[in-house]
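Report on the structure given below.
Laboratory data are not the source of any read-out in this text; all were calculated from the coordinates shown. Quantities reported herein were computed from a predicted structural model and do not represent experimental measurements. Note that we place each Cβ from the backbone using ideal geometry, even for glycine, and neighbour counts take in every protein chain shown.
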Amino acid sequence: MTSAFHILHLDSSLTGPASVSRLLSRETVDAWRAADPAVRVTYRDLAVTVPPQPTPETVAALRLRSEPASAQGRADLASINTLLEEFLAADAIVIGAPMYNFGVPTQLKAWIDALAQAGRTFEYTPQGPRGLAGGKRVVIASARGNIYSTPPQMQDKDFQERYLVAALQFMGITHIDVVRAEGVNRGPEVRDAALASARAAIAQLFAVQEAVAP
């Protein structure tokens, strides 16, 4: 018997119920469940249980495969390895990712830092780095106060989606979809249009293709 398809659902916004990225990540998971009621979901709120920031002690421990000397270092390393094992165990990841100051929240960056471990999610080869975490699907539920996807002068300021996609690709993940609501701080009409566009994208991701009669 095979186990159910396993989704890791992450949120990282600090704005709670007002968060657009949380709304979109939840609606993405709901749509996935509607398409496949057998899926299993693990939820992690990175704003509530904040991943440890890398320290010289934990970086050295990961590099040398050693045990940190301090109690805090050992606790941080245990948290890092929990995040990594949780990620590796998932078939798919839904990431609620707001843009903060042109990038991702620090807690989401710390989550990526926990995952990016040589020998676990990537390795260096004579031909260059090779990802080891391929085969997963990722949906990024992205929210932005301004519009960054179309004007060239704004695209250069996008260190949120571009960073996440690059980091995931570095770990070998190529099946990445972005569900985006942008311009949500530019007034009610723009916000409503952005949410409608994002919801249409979610519906398209999980649309059931009807069989065509021969």
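In the chain, what percentage of the DSSP-assigned beta bridges are antiparallel, given to the nearest 5? It would help to have the intermediate numbers written out before the result.
Numbers: 5 of 31 bridges.
Of the beta bridges lying entirely in the chain, close to 15 percent run antiparallel.
Output the peptides 91-100, 67-76 sorted from most to least packed, where packing is the average of other Cβ atoms within 10 Å over each peptide's residues.
Numbers: 91-100: 22.8, 67-76: 13.7.
Those peptides, ordered most packed to least, come out 91-100, 67-76.
Report, in degrees rounded to the nearest 10, the 0 to 90 angle that the Cα long axis of helix 188-205 makes with the longest principal axis of the chain.
70 degrees
Which entry in (1) 54, 41, 38; (2) 51, 36, 34; (3) 57, 47, 38 is this structure's computed Cα extents along the principal axes in Å?
(3)
With the contact rule set at Cα under 8 Å and sequence spacing of 6 or more, what percent relative contact order holds for the chain?
22 percent
Which order do peptides 137-144, 180-187, 81-88 fall in by mean Cβ count within 10 Å, highest first?
On the way: 137-144: 25.4, 180-187: 19.0, 81-88: 16.8.
The most tightly packed comes first, giving 137-144, 180-187, 81-88.
Could you give the length gained by full extension between ASN101 and ALA118, i.e. 0.36 nm per residue of separation minus their alpha carbon distance, to one decimal place?
Details: separation 17, 0.36 × 17 = 6.12 nm, distance 2.88 nm.
This chain segment gains 3.2 nm when fully extended.
Could you check the spin-label model distance between THR125 and GLN72? Points 7 Å from the Cα along Cα→Cβ, value in nm.
4.0 nm
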